[in-house]
Amino acid sequence: MKAKKALSRFLRWETMLIVLLVVLWLVFDAKDASLQAARIAKGRRATDIFNFTNMLNGMGPYLLYSFMALGMSLILGMGDIDISVGAIAALSASVMGTVYGPFKKAMSPGLALALALLCCVMTGAACGFLNGFLVTRFRELFPMIITLGTQLFYRGFCYLLLGGDTLQYKDDAAWAGLKKLYSGSVSIGGLSVPTMLIWFLLLALMFFVFLHLTTGGRRLFAIGTNRVTARYSGIRVDSFELCMFVICGVTAALSSMFYVGSVSATVRADAMTGYEMYAIAVAVLGGFSTGGGKGNIVGVVLSVIIFGVMKKGLGTVFGLPDSTVNLAVGLVLIASSVLPNLLEDLSNWRRVRRQHAEAKLS
Amino acid sequence: MKKVLAIVLALVLALSLMSIATAEKAGDGLTIGIVYKQSGNAYFQAGVSGFAKAAEELGFEFMHDGPEDSSNDGQERIIRNYIDMGVDVLCISANDAAGLVDVCNEARAKGIVVLSWDAKVDAEGRDLDIEPASAKAIGVQQLESIAETMGYEGQLAIVSAGATAPNQNLWISFIEEELKANEKYAKVEYLGVVYGDDDYTKSYDVTKSLIDKYPDIKGLIVPTTNGGPAVAKCIMDEGKVGQIKMTGLTLASDMAEYIKGGVADATFLWNPIELGYVTAYVGVAMANGEFEAAEGATIEVPGFEGLEVIPSDDGGLILYLNKLNPFTPETVDAWIDIL
Amino acid sequence: MKRDISEKTRQKDSFSLLSYVIEHREIPLLGVLAVLLAGVSIAVPGYFTGNYMNILKNCSMNLVLASGMLCVLLIGSIDISVAAVLELAAAIAGVLMRDGKIHTMIGMFAVGIGVGALIGFINGSIMSFGRVLPIIVTLGMTYLARALIPMDFILGMNKIARIDLTEYFKEFILHEYLGIPVIVYIAGAVAILMGLFLRYTRVGRSIYATGSNEEAARMRGVKVKWIKVLAHVICGALAGMAGIMRLGYYNAIEKGAANGQEMYVIAACVLGGVSVMGGYGKITGVVIGALMIATIDSAIPQLFMNATMMKEFFKGILILAAILLNVLMQRAANKRNLKGRDI
């Protein structure tokens, strides 16, 4: 019995993710070592491509979608989906960039930036509100269809605001501070850890507490499991769902701030195209199924790291082109959703066989 | 076990011998990372083949990649990977001139030479920009070609790439300037720009609605290789061959049939292979410290003359190849296999 | 009790026109389409007469895709990989033609449909037997198919250009018989066959049954899992077919060429009154939906010629508004319907 318990704990999704991470890491490290040996054999200087410090410092690009992946987890947990997060992020950034100019003329740059950041978050919340409103009022249409539509709308809005130009404030110290969000790091025990990673972990902690330690989280999973029973058990489903969409919009806006920092503090209307897919992939690998009702934030954090390691490793150590890396993402996405079901089938099958055997005995 | 060891030793020996044998070339031991706008784009494949030709002569290694979706952050990610992989030279064709400045400066801080080719990185983020011809020359040459075909009168419009494309916007601004400034274009009625987003379907559709809206239109300028064949196909499908003529920057293989079919009298393109070739030579020379990007500096590249670094409009340094090839019904066949 | 029923039928008779309209959702849709066309015709003089063939041509590829999507939506599933499958099928067929392996029209269509059907089969199998949600599978498939297109060791191509295709193929799709191009005939044939298939064949009825109540269908002996796979095979095959049509129409294909098309395909179905929950939807509605999208598509550039930035924006708003309007109309109709039944 004890062994079985240990086995079922082992088969928990998060444990599997850790195993996957370790395997990936070992493979990349081994390949890296062989690459270096080959370089030395050719008489060239060796560069250690894949190691812990490199990975830690190179995490930036793979953290950009992590914030919205947290928001997406909430939505997936309720059995909904939000395809418009990439467009929400682009619109939030566009609004931030557009309002900063006039604000700067009226007040000190620091204050103007703070207000612009606030506007960015507000835009994300407003977009999330619109999504949530439409989703809860038009139940005939799936959230997928609705957010597919609102995505076009938000993206179009970006073009109305910015046109085709790249918005940037050259030689503006306050605005350039956005770059720090992305590239800044703090030294912890001799390691320089990107501030972005710390922000992400903090936010993930908040989400963890909400989702797994409060009644809010239980409500969310109740809605995801069965919306009708959730309503009958006294949960105000519509307003709760609306709130979650607003939170998802806010996380998209947070992502966009870091994104602006990553591209040298410039804003473009076509920013963050396709990021919704990354966010969904991360959340699904993390254990949130689009069916709703289950998932763990720990899994999402692990899956962010796995995606980062995988993309970085395939791109650098194996030198695969970007498009092939996307192929791997697709495979992982499908595999990670098939695998738990197959495991479940397996355990069901074993249980049935055991029951049969017991029936025969008696 | 002994056998394996023997094989390994033999391999090591062979490799070291090879490295001695090839050690004479200028680029030996250097790695160049080439980053272009979008993977799977024929134009940049041609550019990369120019790098490959130079690699044979100079002995450097190279890697190349572009993001799937011609995005800014995709390029940033690839550049960071290349920095980690220890490249010595980065040659970047930027999707957004301003957006890559930070990551390029990070690369330069690590001693990597940063060149931009085909589409610039802003002056503060690059060592040198290498371009086929000045933006003004490219714009004005297309305008003059189409205006001549039109007999210097009638309606003219532009079908561009994305509304955010910096190269196209720059060329268009020079075309518009020239239209206003030069008397000989007084009778040309300029309708404006529509955007096909470098997407075949969209380019086709905007052209169709353009023709529907202005049935008397006489000239189209298409300053993007992806849009060219779409616009040409649309003119053909609408049965307007002869009435509407186009020109633009196109690949020869894309356009050969249309040019011979009378849709265009001439289209243009510099040779991206040559562009890649020259960029590789400059990169190797700079990484070896044999050449420094400074105003007035010149460089010798086999088959090219008078390559000189001059100050650019954005306050940086630039090198022009100044070679623009026209594809006419007579000459296009010779280019098909090249471009 | 008997009296009650006869009264009800009488009541129904007196409202026959209204109930007919309620029963056939396509009629209000047709009205919306007419209003749309009339509005655009007034805004842009000479629009309709000059453009109806364009509208038909534009909507034909979308219609073929939407017919496949209808099957998938009917079983309560969704396929967002159709655009990527279209590109992959067209790319593979194009490469084979370029390398001289295929010369005939039929060969091209066979390859396209085959590739599409294979991918549809993979999609459907993973969903049915791996119990994975459709959106995840097809999302992953979008990545996979797009990533396969530019890989040297599979296709060795960057794009297919006009020069790679045979003369006959280039001419065929837009060749006109009786003033109508072939592409429109193909789309029409697909729509009619799909309608007949769904209405009159056992398998077609099983698709409806599976979508409206899976459990009940299973009880009745429908092999639900295989029906789901089949629906995805049909959807994939039609996507592949649309890929060949596209290659014939534009004479070029490259990765990402049809990016975003899936959205308009789904929109056409939803506009046509197909329920995304499964079980309800008719091919006539889909045809009207596809026509509406094509009308919006061709009208907007004419209305906002010099404001390109506005185009996508208004297109999005119009489609969203049309979908929501459709839902509201639906609700009003249902309310009426319930009132009529005295519930």
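The values are calculated or read from the model by the stated rules, or taken from the named source; none is laboratory data. Predicted, not measured: the structure shown is a model, and the values here were computed from it. Here the Cβ is made from the backbone with ideal geometry for all residues, glycine too, and neighbour counts use every protein chain on show. Note: accessible area is taken over every heavy atom of the protein model, side chains too, but ligands, DNA and RNA are not part of it. Shrake-Rupley method; radii C 1.70, N 1.55, O 1.52, S 1.80 Å.
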Q. For C:ILE126, which of the numbered conditions (1) buried (at least 20 other Cβ atoms within 10 Å of the Cβ); (2) more than 15 Å from C:MET241 (Cα to Cα); (3) in contact (Cβ under 8 Å) with a residue 60 or more places away in the chain; (4) within 14 Å of chain A (Cβ to nearest Cβ) fails to hold?
A. (3)
Q. Taking the condition away from chain A (no Cβ under 14 Å), hydroxyl-bearing (Ser, Thr, Tyr), farther than 21 Å from A:GLY164 by Cβ and open to solvent by 10 Å² or more (accessible area, probe 1.4 Å), does B:TYR185 pass?
A. no
Q. Among the residues of segment A:332-341 satisfying the criterion of being more than 7 Å from chain C (Cβ to nearest Cβ) and among the aliphatic types (A, V, I, L, M), which is nearest to C:LEU144 (Cα to Cα)?
A. A:VAL332
Q. Of the residues B:GLY315, B:GLY296, which is more than 24 Å from B:PHE44 (Cα to Cα), assigned by TED's automatic domain parsing to the domain that holds B:ILE34, modelled with pLDDT of 80 or more and in contact with a helix residue (DSSP H, G or I) (Cβ under 6 Å, 6 or more places away or on another chain)?
A. B:GLY315
Q. Is there any pair linking a residue in segment A:334-359 that is over 13 Å from A:ARG12 (Cα atoms) and at pLDDT below 80 to one that is of a type in the set (Gly, Ala, Ser) and not in a helix (DSSP H, G or I), with Cβ under 8 Å and at least six apart or on different chains, and which?
A. A:SER337/A:SER289
Q | Unique residue being open to solvent by 20 Å² or more (accessible area, probe 1.4 Å), of a type in the set (A, V, I, L, M, F, W, C) and in a helix (DSSP H, G or I) when the list is A:MET144, A:MET96, A:MET122 | A | A:MET122
Q: Looking at (1) out of contact with any Gly (no Cβ under 6 Å at 6 or more places or on another chain); (2) within 11 Å of another protein chain (Cβ to nearest Cβ); (3) buried (at least 21 other Cβ atoms within 10 Å of the Cβ), find the lone condition where C:ILE300 falls short.
A: (3)
Q.
Among the residues of segment B:211-225, what is the count of those that are open to solvent by 10 Å² or more (accessible area, probe 1.4 Å) and within 24 Å of B:GLU144 (Cβ to Cβ)?
A. 4
Q.
Can you confirm whether C:ILE122 is modelled with pLDDT of 90 or more and either more than 21 Å from the chain's Cα centre (by Cα) or on the phi < 0 side of the Ramachandran plot (or both)?
A. yes
Q. Taking segment A:227-257 as the region of interest, how many residues are outside any helix (DSSP H, G or I) and either surrounded by fewer than 18 Cβ atoms within 10 Å (Cβ to Cβ) or in contact (Cβ under 8 Å) with a residue 40 or more places away in the chain (or both)?
A. 3
Q) Only one of (1) of a type in the set (A, V, I, L, M); (2) assigned to a helix (DSSP H, G or I); (3) crowded, with 16+ Cβ neighbours inside 10 Å is not met by A:ILE49, so which one is it? A) (2)
Q. If you go through segment C:188-208 one residue at a time, do you hit one that is open to solvent by less than 50 Å² (accessible area, probe 1.4 Å), within 14 Å of chain B (Cβ to nearest Cβ), out of contact with any strand residue (DSSP E or B) (no Cβ under 7 Å at 6 or more places or on another chain) and part of a helix (DSSP H, G or I)?
A. no
Q: Starting from residues that are within 14 Å of chain C (Cβ to nearest Cβ) and charged (D, E, K, R), keep the ones in segment B:245-274 and report whichever is most open to solvent (accessible area, probe 1.4 Å).
A: B:LYS260
Q: Give just the number: which of (1) away from every other protein chain (no Cβ under 13 Å); (2) farther than 28 Å from B:THR298 by Cα does B:ALA133 not satisfy?
A: (2)
**Q.** Lone qualifier among B:LYS208, B:LYS202 - being of a type in the set (Lys, Arg), at the interface with another protein chain (Cβ under 10 Å from one of its Cβ atoms), open to solvent by less than 20 Å² (accessible area, probe 1.4 Å) and at negative phi
**A.** B:LYS208
Q. Of (1) touching a strand residue (DSSP E or B) at 6+ places or on another chain (Cβ under 7 Å); (2) under 28 Å from A:VAL193 (Cβ atoms), A:SER94 satisfies all except one. Which?
A. (2)
**Q.** Candidate set: segment A:99-111, residues that are in contact (Cβ under 8 Å) with a residue 24 or more places away in the chain and more than 22 Å from A:ALA269 (Cβ to Cβ); chosen: the one surrounded by the most Cβ atoms within 10 Å (Cβ to Cβ)
**A.** A:PRO109
Q) Of the residues A:GLY132, A:GLY224, A:GLY128, A:GLY184, which is within 14 Å of chain C (Cβ to nearest Cβ) and open to solvent by less than 20 Å² (accessible area, probe 1.4 Å)? A) A:GLY224
Q. Is it the case that segment B:233-242 has a residue that's more than 14 Å from chain A (Cβ to nearest Cβ), in contact (Cβ under 8 Å) with a residue 40 or more places away in the chain and either farther than 30 Å from B:ASP314 by Cβ or open to solvent by less than 10 Å² (accessible area, probe 1.4 Å) (or both)?
A. no
Q: Could you grab me the full set of residues in segment A:258-287 that are part of a helix (DSSP H, G or I) and within 23 Å of A:THR98 (Cβ to Cβ)?
A: A:PHE258, A:TYR259, A:VAL260, A:GLY261, A:SER262, A:TYR275, A:GLU276
**Q.** Hits in segment B:188-199 (condition: touching a strand residue (DSSP E or B) at 6+ places or on another chain (Cβ under 7 Å) and more than 9 Å from every other protein chain (Cβ to nearest Cβ))
**A.** B:VAL188, B:GLU189, B:TYR190, B:GLY196
Q) Out of the residues in segment B:52-108 that are within 8 Å of chain A (Cβ to nearest Cβ) and small (Gly, Ala, Ser), which is surrounded by the fewest Cβ atoms within 10 Å (Cβ to Cβ)? A) B:GLY86
